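Worksheet: the structure to be examined is printed underneath.
The values are calculated or read from the model by the stated rules, or taken from the named source; none is laboratory data. Just so we're clear, the structure is a prediction, and the values are computed from it rather than from any experiment. Note that each Cβ is placed from the backbone with ideal geometry, even for glycine, and that neighbours are counted across all protein chains shown. We work out accessible area using only protein heavy atoms, side chains counted, and drop any ligands, DNA or RNA first. Shrake-Rupley method; radii C 1.70, N 1.55, O 1.52, S 1.80 Å.
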Amino acid sequence: MADINTLPEIARQVRRDILRMVHAVNSGHPGGSLGCADYLTALYFHYMVHDASNFTPHGNGEDVFVMSNGHISPVFYSALARSGYFPTSELATFRKLNTRLQGHPTTHEGLPGVRVATGSLGQGLSVAIGFAMQKKLDGDTHTVYALTGDGELQEGQIWEAVMFAAHNKVDNLLVAVDFNQQQIDGSTADVMGITELVSKFRAFGWITLEMDGNDWDDIHRVMPQAQNQLGCEKPVIIIMKTEMGQGVDFMMGSHAWHGKAPNDAQLAEALLQLPVTELGDY
Amino acid sequence: MKSFEILDNKDTRSGFGAGLLEIGKQDPRVVAMCADLTGSLVMNLFKDEFPDRFFQAGIMEANMMGVAAGMALGGKIPFTGTFANFSTGRVYDQIRQSIAYSHANVKICASHAGLTLGEDGATHQILEDIGLMKMLPGMVVINPCDYNQTKAATIAIAKYFGPVYLRFGRPKWPVFITEDTPFVIGKALMLSEGTDVSIFATGHLVWKAIEAGHQLAQKGISAEIINIHTIKPLDVEAVIASAKKTGCVVTAEEHQMNGGLGDSIAQLLARTLPTPLEMVAVNDSFGESGTPDQLLVKYGLDSYDITAAAERAISRKN
């Protein structure tokens, strides 16, 4: 578990990784990745119980993380590499032929840290519930963490899963929604409104919390609260407000950088805003 | 032509229910989920014996596939149960990504497949499921022919690691495979040796193929009847050996011609041993309401259709 004072610097290095990865192959999804850099850093370096050096696909005896919004793979890969699942040098292979770091995460090439393929949206929450139920059956008291996008909540399967988890009292599950209110075609409000998330999840029987996913004080205030709500016969969800493109001023404030890579000049400008850390670039 | 005694008259779904109960007793990792069709799939036997390992999924098939994937990835052996239509077409992308691509050890068990579902009609009579499932890399596809074979297959797939699609049906059907017949995934079952034509049949149409074998024998034609219960991986050696021996082939299945068993065998023979081949299958059409027997006759899947196909195949030999 990393000291919480070091987390912002780790997250800054994760953001540099994200930008350099998508720039190198001129493809990928930097916007949501930058927005979730703080949360994945918080999970992998502080809040999750996990063993990067002895990765097992089944995750028995440790916390499990399922990232349902697989398109933000850059932040996932950086968090995994930076926390020791595979060498950071492998980040340079992202989206290239024969890589284990596929465009969207998969178990297929055997990348340590990934337990299920995601990318086609709406599926990861169900898988996370399955992991959580398996842990209960086996008497494993660890937690299953899941992350979904907010546009992803438009998928019908999500609401099947939400209903199912409450009905089955899946209370070893902590879900976060990346509430950045942007999706490919525009704002979620314009594309397909997903209003009143707090009351929606409460009506479905979930314990619902709100958090600013780009504010470290708020993360450290809400995460312990959320963890304390586990085991209360209800699934727990955090509506996590983030900014798409967080950390790079010209990438923030719109959906424009959802799935677009920066060019050479834009990368240079972005990296100036995120100075290299002691961890160093990959 | 070898004669087969009708041992009983039972539905294949009951064979599944009995097999699930038995493998549940043998392996505590086995869990089951069902989407509001517990009685229809005879999963109540497992549910009553192992209430803590049975999960009612509700009418939420997509979520059921995902939850099953998660439990499998965590180390369980989940069996999902619903009708074949809702086990495949409805949840294809969930199966593709969360199960097949992730190589999750889920057993997708599908009842009421094909025309013999009967009166419920075309909305429920899926005839495309074998094709859908066999196209997925790494997916095993099994369509047993009677109660005993379905029970044996259910037990066998639990002992195999990897995603499996197990297809069975609704009506009572002749039971003719003996209880002690071993079920080996991917191994064709020789039912009756012959010299003039090879009939490869799967599912309910295996019994129809046996009936056709007797009709052909009366005409002085020696048919070789082979039960292909595993459509993928196909028993390539058995198919080629029989086609080489008889010189012509008939395939029989309760499925669309496109994508089914006949399609797999035609593709294999075209590549390795071009052989006259006739297919008994549904020809690019939806089904309709009716009794199973009426539907098999109307859509050309009866024993007489297999006999006619065999005669056509023989006439095409050089």
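Worth pointing out:
- If the condition is being within 12 Å of chain A (Cβ to nearest Cβ), crowded, with 23+ Cβ neighbours inside 10 Å and outside any loop (DSSP other than H, G, I, E, B), then the stretch B:33-54 contributes only B:M33.
- The stretch A:45-102 - residue that is part of a loop (DSSP other than H, G, I, E, B) and touching a strand residue (DSSP E or B) at 6+ places or on another chain (Cβ under 7 Å) and, of those, nearest to A:I184 (Cα to Cα): A:N69
- Across the stretch A:154-207, the number of residues qualifying as surrounded by fewer than 17 Cβ atoms within 10 Å (Cβ to Cβ), in contact with a strand residue (DSSP E or B) (Cβ under 7 Å, 6 or more places away or on another chain) and within 14 Å of chain B (Cβ to nearest Cβ) comes to 0.
- Considering the conditions (1) open to solvent by less than 10 Å² (accessible area, probe 1.4 Å); (2) away from chain B (no Cβ under 12 Å), A:V144 is excluded by exactly one of them, (2).
- Annotation: of all residues in the stretch B:80-89 being of a type outside the set (S, T, Y) and under 20 Å from B:C145 (Cα atoms), the one that is nearest to the other protein chains (Cβ to nearest Cβ) is B:G81.
- If you check A:G59, A:G124, A:G119, A:G84 for being within 13 Å of chain B (Cβ to nearest Cβ), more than 16 Å from A:V175 (Cα to Cα), without any contact (Cβ under 8 Å) to a residue 60 or more places away in the chain and of a type in the set (G, A, S), only one passes: A:G119.
- Filter pass, A:S89 being open to solvent by less than 50 Å² (accessible area, probe 1.4 Å) and modelled with pLDDT of 95 or more: no
- Selection of first residues in the stretch B:61-76 that are facing chain A (nearest Cβ under 7 Å) and of second residues that are open to solvent by 10 Å² or more (accessible area, probe 1.4 Å) and charged (D, E, K, R), restricted to Cβ pairs under 8 Å at least 6 apart or on distinct chains, gives the following pairs, ordered by first then second residue: B:A62/A:E160; B:A62/B:R90; B:N63/A:E160; B:L73/A:R115; B:G74/A:D138; B:G75/A:D138; B:G75/B:R29; B:K76/B:R29.
- Residue within the stretch A:25-41 that is without any contact (Cβ under 8 Å) to a residue 40 or more places away in the chain and open to solvent by 10 Å² or more (accessible area, probe 1.4 Å) present: no
- Subset of the stretch B:89-103 (residues that are among the small types (G, A, S) and within 15 Å of B:V141 (Cα to Cα)): B:G89, B:A100
- A:L101 closer than 21 Å to A:T148 by Cα and touching an Asp or Glu at 6+ places or on another chain (Cβ under 8 Å): yes
- Within the stretch B:185-210, residues that are farther than 16 Å from B:R167 by Cβ reach partners that are of a type in the set (K, R) and open to solvent by 40 Å² or more (accessible area, probe 1.4 Å) with beta carbons closer than 7 Å, at six or more positions or on different chains, in the pairs B:L191/B:K2; B:S192/B:K2; B:T195/B:K245.
- Members of the stretch A:127-141 that are facing chain B (nearest Cβ under 8 Å) and either in contact with a Ser or Thr (Cβ under 7 Å, 6 or more places away or on another chain) or more than 18 Å from A:M240 (Cβ to Cβ) (or both): A:V127, A:I129, A:G130, A:F131, A:A132, A:M133, A:Q134, A:K135, A:L137, A:D138
- When residues in the stretch B:90-135 are screened for being within 14 Å of chain A (Cβ to nearest Cβ), part of a helix (DSSP H, G or I) and small (G, A, S), 2 of them pass.
- Within the stretch A:100-116, the set of residues being of a type in the set (A, V, I, L, M) and within 7 Å of another protein chain (Cβ to nearest Cβ) comprises just one member, A:V116.
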